[in-house]
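We did not get these values from a lab; they are worked out from the coordinates using the rules stated. Given the structure is predicted, the values throughout are model-derived calculations rather than measurements. All Cβ positions, glycine included, derive from the backbone under ideal geometry; neighbour counts span all protein chains shown.
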Amino acid sequence: MNPSDAIASLVAGGMTEQAIAVELNVNQTTINRIRRQVVTPSYETGKALVDLAVKAERKAARRKKPVLTPATTA
């Protein structure tokens with residue numbers, strides 16, 4: 001996953017560019033420019049974006065686990 005894909009994944013998951021920027025302590029315009037691949041982020045920012053996206057995907061996957069209920073007999 002590259003930083004641009006990470007932003008797309010986070011936005012698809014419901015985060016705004018502004019919320020992503022706050023998490024990473026950067027400007028929203030920076031997030032937008034990275035998303036559009038106008039600029040290449042620093043290693044630290046790129047890694048933080050990918051790490052945040054992976055964390056969000058794992059959290060979403062945990063929420064989607066099916067609830068196991070005992071089978072009922074009629």
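For T29, what is the net charge nearby, where nearby means another residue's Cβ is under 12 Å from its Cβ and Lys, Arg count +1, Asp, Glu -1?
The answer is +2.
Relative to a virtual label point 7 Å from the Cα of N25 in the Cα→beta-carbon direction, which members of region 42-64 show backbone nitrogen distances below 19 Å?
Of the residues in region 42-64, 42-53 have backbone N under 19 Å from the label point off N25.
Just how large is the dipole of region 3-62 about the Cα centre, in debye to the nearest 20, putting +1 at every Lys and Arg Cβ and -1 at every Asp and Glu Cβ?
Dipole about the Cα centre, nearest 20: 120 debye.
Dipole of region 3-62 (Lys/Arg Cβ +1, Asp/Glu Cβ -1, origin at the Cα centre): which of A21, L52, Q37 lies farthest to the positive side?
L52
Can you give the local net charge around P41? Use residues other than it whose beta-carbon is closer than 13 angstrom to its beta-carbon, Lys and Arg +1, Asp and Glu -1.
Overall, the nearby charge balance is +1.
So what's the back-of-envelope 222 nm ellipticity for the chain, counting only DSSP H runs of four-plus at -39500 (n - 2.57) apiece and dividing by all residues, rounded to 500?
Here the helix-only value at 222 nm equals -19500 deg cm²/dmol.
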